[in-house]
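Undergrad: First the structure, then my questions, so here it is.
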Amino acid sequence: MQRASARLGFRPDPVAREARRAPVGQGFRRDAGWWALILPAVLLMTVFYLAPMVQVLAISLTEPQPGLGNYERLFTSESVQRVIGTTLRICVTTTVVALLLGYVLAYKITLSTPGVRRWWVLAVLVPLWISVLVRAFAWVTLLRRQGLVNETLMAGGLITEPLPLVWNEFGIVIGMVHYMVPYAVLPMLASMGEIDPRLLSAARGLGASRLTVFRRVFLPLSRPGLIAAGVLVFIFSLGFYVTPAILGGGKTLMVAEWIKLQILDLLRWGLGAMMATMLVVAILITLAIFSRMVDLRRIFGAGGTA
Amino acid sequence: MQSFQQDCVELAHEKFRRGEVSRRTLLAGLAALGAAPALEAGDARAQAQRQLVMVNWGGIANDGFGRFYGEPFMAENAGVRVVQDSTGPSAGRIRSMVESGRVTWDLCDSSASSSVVLGRQNLVSRIDYNIVNREHVIGPGFALEYGAAPYSFSSVLCYDSAKFPNGGPTSWADFFDLQRFPGTRLLRRDALATLDAAQMALSKSPQNLYPLDLRACLAKIREIRRNAVFWNSGSESEQFLRTGEAVMGHIWHTRATVLQRETNGRIKFIWNQGLLQAGIFVIPRGNAGGELAQRLLASMLAKPEPQVGLLQFLGNGPTNPAAAARVPAEFKAVNPTDPANAAQQVVLNGVWWGENYQQVNQDYLDIITG
């Protein structure tokens, strides 16, 4: 009996099968037109994006001598390792802090009433529209020796000597976190918005404390957003250039600026191309790892299959 | 990394905005720097048989090398048109142009060290000293194998005198002495000229400065890096000193001059042990204008008047031996190649730097970012 019904289930009647196949065939023919429309874009990407990338890869393998000499430096050159180490350290710190701040913000926004929520979202978005240069210089004005923060603290008698708030990694992280918080908030907001508030009420009704509700219900449900935000912020941070250059006081060198130095000033294109390739590889690996943990397509806004 | 030339153009625009110079002077000065957009397009260009492209670091106003360097040459050579391009001829850009095989740049505002780096990779032409006259510059450092300099500039010691009531620093030894002169130092984020100062602080005589003892110089930098900030652009260097972030700096004389004037002498600079550098122009290999570029360069070196004009406008020192005497009295004090000032400085060895720049600068960056 069971077997029979299973067989029935797996073998639909011929009419239904035909009906199902027809749209597929037609669909492909219909799609061919759309593919033709996409073709120029694909060609454009190939010529202006993919081809130069391949060229970069080629340079990294052929200069100054053909071979893997440039890649060997990843393991032998202290200078290369230091740049990578610095970049990773700053990026991880930035990601962690931006996620913490962003999570609190997103949580607050999700739980507020719709009217208030609009203002919160606006407050998160406004910094996104301000140039990264302007924001970096604004931080300089605030954090330098004779800046607002130090002057206020000294006037209040809290410190006697200005604190070293800028021209170091501390200053860079402040500037980068400030830039990244909106990028952390938005994916988390989307993900938290999908959490059914009735679940929280139900948990409370079943006797869980507020903390338990958050820890056992809200946090796990918001995890995809948290991971997506982390990936986004981390990848963005890897290529940061302007903020470290302005707030670092010249004492910090991250990968992006290092590549620029090699290519434009030191004329060591092979080395620069190697690092650029590694940067792309690092980003792809990060994406690959995290795409196994969460559905990135959904979080980055492609196809609303929720 | 901002180049000296880029900073000059920026400085000119700042002066213009503050109303210190008229629009006419601004354009004239920018012309001297080669920062002039194709003002003379249209029919004039159509008539010209041959065109030379000068490349500078100019930004929006690209007028100047045209007027002080281009126009005198055009006046003497009918049928030649000198046009300006402000792309910023970094060594990397010159390389990619030469390797692409379509070389549209004829004469590029570069540097001594870059000329050697580019020359070694066969990316720029040798200067033809049958056309360019070595006698038209003040010293051998201004006429190199792969480039020659129609202007000069210097990296000098600049300090906030209010911070040192008992007398300011007088040498690089003082600059590196954090005990006697406490406070944050300001250095360029570039080994060139910086390590030379460190070498003098190590009391090697300025006459025999090269080759630099790299290990010792870098160690000297390591000593002060925790008490130092590093600048990339000229305006940045000015800001660091102006806002009191640093009490003493190793900066371009053009910026030091502005600081000294605008703080009414509170911030001072000294020529002593300054590093005099050549503003070297190079000719990319296979340039469209061919030998004509050599003749343009020769003309730029041969004419002292436009060089003096440039000094008055932006502070770039002339390199023609006849120029210093024609500098008005009030500008002599800020002319790096004035005999009295030049005697106190050391001419930076661009050839040594060209041969060592790539590795040494990397080492330097490793030290300061370590």
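Undergrad: Which members of region B:114-149 meet the condition of being part of a loop (DSSP other than H, G, I, E, B) and of a type outside the set (Val, Ile, Thr)? First the steps, then the outcome.
TA: Of all residues in region B:114-149, those part of a loop (DSSP other than H, G, I, E, B) come to B:121-123, B:125-133, B:137-139, B:145-146.
Scanning region B:114-149 gives B:Gln121, B:Asn122, B:Leu123, B:Ser125, B:Arg126, B:Asp128, B:Tyr129, B:Asn130, B:Asn133, B:Gly139, B:Glu145, B:Tyr146.
Every residue, every condition in (1) at pLDDT below 95; (2) within 14 Å of chain A (Cβ to nearest Cβ); (3) farther than 30 Å from B:Arg215 by Cβ, yes or no:
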{"position": "B:Gly309", "(1), (2), (3)": "yes, no, yes"}
{"position": "B:Val327", "(1), (2), (3)": "no, no, yes"}
{"position": "B:Asn335", "(1), (2), (3)": "no, no, yes"}
{"position": "B:Tyr357", "(1), (2), (3)": "yes, yes, no"}
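Undergrad: Just to be sure before I move on: is B:Leu275 within 24 Å of B:Trp353 (Cα to Cα), touching a residue at least 40 places away in the same chain (Cβ under 8 Å) and either in contact with a Ser or Thr (Cβ under 8 Å, 6 or more places away or on another chain) or in the same structural domain as B:Val80 (by TED's automatic domain parsing) (or both) in the structure I sent?
TA: On the way: within 24 Å of B:Trp353 (Cα to Cα): yes; touching a residue at least 40 places away in the same chain (Cβ under 8 Å): yes; either in contact with a Ser or Thr (Cβ under 8 Å, 6 or more places away or on another chain) or in the same structural domain as B:Val80 (by TED's automatic domain parsing) (or both): yes.
When the stated conditions are applied, B:Leu275 passes them.
Undergrad: Could you check B:Thr87 against (1) more than 10 Å from every other protein chain (Cβ to nearest Cβ); (2) touching a Ser or Thr at 6+ places or on another chain (Cβ under 9 Å); (3) polar (S, T, N, Q) and say which number it fails?
TA: Against the list (1) more than 10 Å from every other protein chain (Cβ to nearest Cβ); (2) touching a Ser or Thr at 6+ places or on another chain (Cβ under 9 Å); (3) polar (S, T, N, Q), B:Thr87 comes up short only on (2).
Undergrad: Can you give me the number of residues within region A:76-107 that are modelled with pLDDT under 95 and charged (D, E, K, R)?
TA: The number of residues fulfilling the criteria is 2.
Undergrad: When region A:221-259 is examined, which residues are found to be of a type in the set (D, E, K, R), within 14 Å of chain B (Cβ to nearest Cβ) and within 22 Å of the chain's Cα centre (by Cα)?
TA: At the first step, the residues of region A:221-259 found to be of a type in the set (D, E, K, R) are A:223, A:251, A:257.
Those left that are additionally within 14 Å of chain B (Cβ to nearest Cβ): A:251, A:257.
If the condition is that a residue be of a type in the set (D, E, K, R), within 14 Å of chain B (Cβ to nearest Cβ) and within 22 Å of the chain's Cα centre (by Cα), then A:Glu257 is the only one that fits.
Undergrad: Another question about this same structure. I'd like to check which helices (runs of 4 or more DSSP H) are fully inside region A:196-264 and have at least 2 residues that are assigned by TED's automatic domain parsing to the domain that holds A:Thr141 and touching a Pro at 6+ places or on another chain (Cβ under 6 Å).
TA: Qualifying helices (runs of 4 or more DSSP H): A:219-238.
Undergrad: Does B:Gln362 count as closer than 22 Å to B:Ser110 by Cβ, of a type outside the set (A, V, I, L, M) and more than 15 Å from the chain's Cα centre (by Cα)?
TA: Values: closer than 22 Å to B:Ser110 by Cβ: yes; of a type outside the set (A, V, I, L, M): yes; more than 15 Å from the chain's Cα centre (by Cα): yes.
Against the criterion (closer than 22 Å to B:Ser110 by Cβ, of a type outside the set (A, V, I, L, M) and more than 15 Å from the chain's Cα centre (by Cα)), B:Gln362 qualifies.
Undergrad: Tally up the residues in region A:111-128 that are assigned to a helix (DSSP H, G or I) and more than 21 Å from the chain's Cα centre (by Cα), please.
TA: If we filter region A:111-128 for residues that are assigned to a helix (DSSP H, G or I), which is where we start, we get A:111, A:114-128.
Right, trim to more than 21 Å from the chain's Cα centre (by Cα) and you get A:111, A:114-120.
Residues flagged as assigned to a helix (DSSP H, G or I) and more than 21 Å from the chain's Cα centre (by Cα) within region A:111-128 amount to 8.
Undergrad: I want to confirm something. Restricting to region B:153-178 and keeping residues that are in a helix (DSSP H, G or I) and hydrophobic (A, V, I, L, M, F, W, C), which single residue is farthest from B:Leu241 (Cα to Cα)? Can you show your working first?
TA: Filtering region B:153-178 down to residues in a helix (DSSP H, G or I) leaves B:161-163, B:172-175.
In the following step, the residues that additionally are hydrophobic (A, V, I, L, M, F, W, C) were identified as B:162, B:172-173, B:175.
On the way: B:Ala162: 12, B:Trp172: 17, B:Ala173: 20, B:Phe175: 14 Å.
Among those that are in a helix (DSSP H, G or I) and hydrophobic (A, V, I, L, M, F, W, C), it is B:Ala173.
Undergrad: Give A:Val213, A:Val173, A:Val280 a once-over and let me know the one that is away from every other protein chain (no Cβ under 14 Å), at pLDDT 95 or above and either surrounded by fewer than 22 Cβ atoms within 10 Å (Cβ to Cβ) or within 30 Å of B:Ser237 (Cβ to Cβ) (or both). Full working, then the answer.
TA: Values: A:Val213 fails: at pLDDT 95 or above; A:Val280 fails: at pLDDT 95 or above.
Just one listed residue meets the conditions, A:Val173.
Undergrad: Could you check A:Trp139 against (1) away from chain B (no Cβ under 12 Å); (2) without any contact (Cβ under 8 Å) to a residue 24 or more places away in the chain; (3) touching a Gly at 6+ places or on another chain (Cβ under 6 Å) and say which number it fails?
TA: (2)
Undergrad: Tell me, which strands (runs of 3 or more DSSP E) wholly within region B:179-283 include 1 or more residues that are under 16 Å from the mean Cα position of the chain (by Cα) and away from every other protein chain (no Cβ under 14 Å)? Don't jump to the end; show me each part of the working.
TA: Values: elements: B:185-188, B:228-231, B:248-252, B:267-282.
Qualifying strands (runs of 3 or more DSSP E): B:248-252, B:267-282.
Undergrad: To continue, here is another question. State yes or no: is A:Trp119 among the aromatic types (Phe, Trp, Tyr), modelled with pLDDT of 90 or more and surrounded by 14 or more Cβ atoms within 10 Å (Cβ to Cβ)?
TA: It is false that A:Trp119 is among the aromatic types (Phe, Trp, Tyr), modelled with pLDDT of 90 or more and surrounded by 14 or more Cβ atoms within 10 Å (Cβ to Cβ).
Undergrad: Let me ask something else about it. Working carefully through the options B:Val347, B:Val351, find the one that is under 25 Å from B:Leu118 (Cβ atoms), touching a strand residue (DSSP E or B) at 6+ places or on another chain (Cβ under 6 Å), surrounded by fewer than 23 Cβ atoms within 10 Å (Cβ to Cβ) and away from chain A (no Cβ under 14 Å).
TA: Details: B:Val351 fails: touching a strand residue (DSSP E or B) at 6+ places or on another chain (Cβ under 6 Å).
Result: B:Val347 is the single residue among B:Val347, B:Val351 that is under 25 Å from B:Leu118 (Cβ atoms), touching a strand residue (DSSP E or B) at 6+ places or on another chain (Cβ under 6 Å), surrounded by fewer than 23 Cβ atoms within 10 Å (Cβ to Cβ) and away from chain A (no Cβ under 14 Å).
Undergrad: Further question on the same structure: Just to be sure, is B:Gly244 crowded, with 16+ Cβ neighbours inside 10 Å, in the same structural domain as B:Gln359 (by TED's automatic domain parsing) and of a type in the set (Gly, Ala, Ser)?
TA: Numbers: crowded, with 16+ Cβ neighbours inside 10 Å: yes; in the same structural domain as B:Gln359 (by TED's automatic domain parsing): yes; of a type in the set (Gly, Ala, Ser): yes.
Spelling it out, B:Gly244 is indeed crowded, with 16+ Cβ neighbours inside 10 Å, in the same structural domain as B:Gln359 (by TED's automatic domain parsing) and of a type in the set (Gly, Ala, Ser).
Undergrad: Which of the numbered conditions does B:Gly92 fail, given that it passes all the others? Conditions: (1) crowded, with 20+ Cβ neighbours inside 10 Å; (2) part of a helix (DSSP H, G or I); (3) assigned by TED's automatic domain parsing to the domain that holds B:Gly265.
TA: Checking B:Gly92 against (1) crowded, with 20+ Cβ neighbours inside 10 Å; (2) part of a helix (DSSP H, G or I); (3) assigned by TED's automatic domain parsing to the domain that holds B:Gly265, the one that fails is (3).
Undergrad: Continuing with this model, one more query. If you go through region B:322-344 one residue at a time, how many are touching a helix residue (DSSP H, G or I) at 6+ places or on another chain (Cβ under 8 Å) and over 19 Å from B:Ser155 (Cβ atoms)?
TA: So the count comes out to 9.
Undergrad: Could you grab me the full set of residues in region B:359-370 that are facing chain A (nearest Cβ under 7 Å) and surrounded by fewer than 17 Cβ atoms within 10 Å (Cβ to Cβ)?
TA: So in region B:359-370, the residues facing chain A (nearest Cβ under 7 Å) come out as B:361-362, B:365-366, B:368-370.
The one that is facing chain A (nearest Cβ under 7 Å) and surrounded by fewer than 17 Cβ atoms within 10 Å (Cβ to Cβ): B:Gly370.
Undergrad: Here are some conditions: (1) part of a helix (DSSP H, G or I); (2) within 15 Å of the chain's Cα centre (by Cα); (3) of a type outside the set (Lys, Arg). B:Gly309 meets all but one. Which one does it not meet?
TA: So B:Gly309 meets the others, but not (2).
Undergrad: Which members of region A:142-158 meet the condition of being more than 14 Å from chain B (Cβ to nearest Cβ) and not in a helix (DSSP H, G or I)?
TA: Listed by number, the residues that qualify are A:Gly156, A:Gly157, A:Leu158.
The values are calculated or read from the model by the stated rules, or taken from the named source; none is laboratory data. In this text, all values refer to a predicted model and were calculated from it rather than measured experimentally. Glycine also receives a Cβ, built like all others from the backbone with ideal geometry; neighbour counts cover every protein chain displayed.
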